[in-house]
Amino acid sequence: MLKLIRSIENSTNISHFTAYPNFTKGSSAELTLEPDQLSSVIFKEDTEDFASWWKGIVTEFHTEEALNSDFQAKHDKVRNMLLAIWCTDNKGHCDKSKCGLGWCIQDIDDKLRIGNFTFRENNPNVTLAPDVIKKYLGVNNLTKKQFEAYNSEERLVLINGPAGTGKSVILITKAIQRAESDANRKILFFVHYTTAEEGVKTAFEKTSVHHCTISSGETREMTTLQIIEVISLKLADNQVIIIHCPIYKKYGGKFTVLLSSEINQR
């Protein structure tokens, strides 16, 4: 979108923001973002009072620029071109009835309802969630892609998506399902921020699966081998270990592979 706008008017000033509806301003430190990036984040509180956020951030930011006639001309040019593109089909036919901001917003809302919002029923692109997800996470519907990810039997599954798209829902309930179906299965669940740790703990506390948590306070000063020792000891009495490990955020997959390899050798 940024490239499209720049191609229409290269010198126009563009403000763009990223929404993290599952994060509050108080948990901003858990986001792996630079300080200058945090200024463009829309937090949970902002979405709950979006009109005030828009007025305080967007409207006031552009007030001085809007008084400039050159800015207004560029803004109008970009707006009109984007509307024209929006209401033109792939055969080059333009439906002028669609050339309005209100229609665009409604159309986007309709598309979102069709594809991504899983709390809506009677939706052709969502399906009923498995009982384990309803029971432990309170989610009644899944998108088709979420459903496919949950039912995958692949040994390695990469789930990629922004905040709020259901990654944790799928992972948590998949772990619960595996644990409940095989009492001898041992599961390590790594998280690297507090919100995720709380979500995993809350879900497992509703089950009869023996589990425990290794907090960030315990792991922060540990070496990799020390963490492995603690995990090995706790696995003797627990089927699932939830590990809040800040170092995981830094080393990611390599760290997980190392832990799995060392533990398997023991």
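On a full-extension model of 0.36 nm per residue, what is the gain between Ile85 and Phe17, subtracting their alpha-carbon distance, rounded to one decimal in nm?
22.2 nm
Close amide H pairs (under 5 Å, H built 1.01 Å from N) link Ala19 with Ile42, residues at least 5 positions away or on another chain.
Calculated accessible area for segment 144-201 comes out at 63 Å² per residue, all protein chains present (probe 1.4 Å; ligands, DNA, RNA ignored).
Taking only protein heavy atoms and a 1.4 Å probe, the accessible area of segment 142-201 is 51% carbon and sulfur. Taking amide H atoms as placed 1.01 Å from N in the peptide plane, the amide H of Gln239 lies under 5 Å from those of His210, His211, each 5 or more residues away in sequence or on another chain. Sequentially through segment 85-98, phi angles give Karplus couplings (6.51, -1.76, 1.60; θ = phi - 60°) of 5, 4, 9, 9, 7, 6, 9, x, 8, 9, 9, 5, 5, 8 Hz, Gly and Pro residues having no value and appearing as x.
Note on Glu218/Ser40: beta-carbon distance plugged into 1/(1 + (r/R0)^6) with R0 of 30 Å gives a FRET efficiency of 0.30.
Phi angles of segment 198-204 translate, via the Karplus equation with coefficients 6.51, -1.76, 1.60 and θ = phi - 60°, into HN-Hα couplings of 5, x, 5, 4, 4, 5, 6 Hz per residue; Gly and Pro are given as x.
Once fully extended, how much extra length lies between Lys167 and Glu48, figured as 0.36 nm per residue of separation less the alpha-carbon to alpha-carbon distance?
Working it through step by step, the gained length comes to 40.6 nm.
The values are calculated or read from the model by the stated rules, or taken from the named source; none is laboratory data. Quick caveat: nothing in here was measured; it's all calculated off a predicted structure. Using ideal geometry, Cβ is built from the backbone for each residue, glycine included, and neighbour counts are taken over all protein chains shown. We work out accessible area using only protein heavy atoms, side chains counted, and drop any ligands, DNA or RNA first. Shrake-Rupley method; radii C 1.70, N 1.55, O 1.52, S 1.80 Å.
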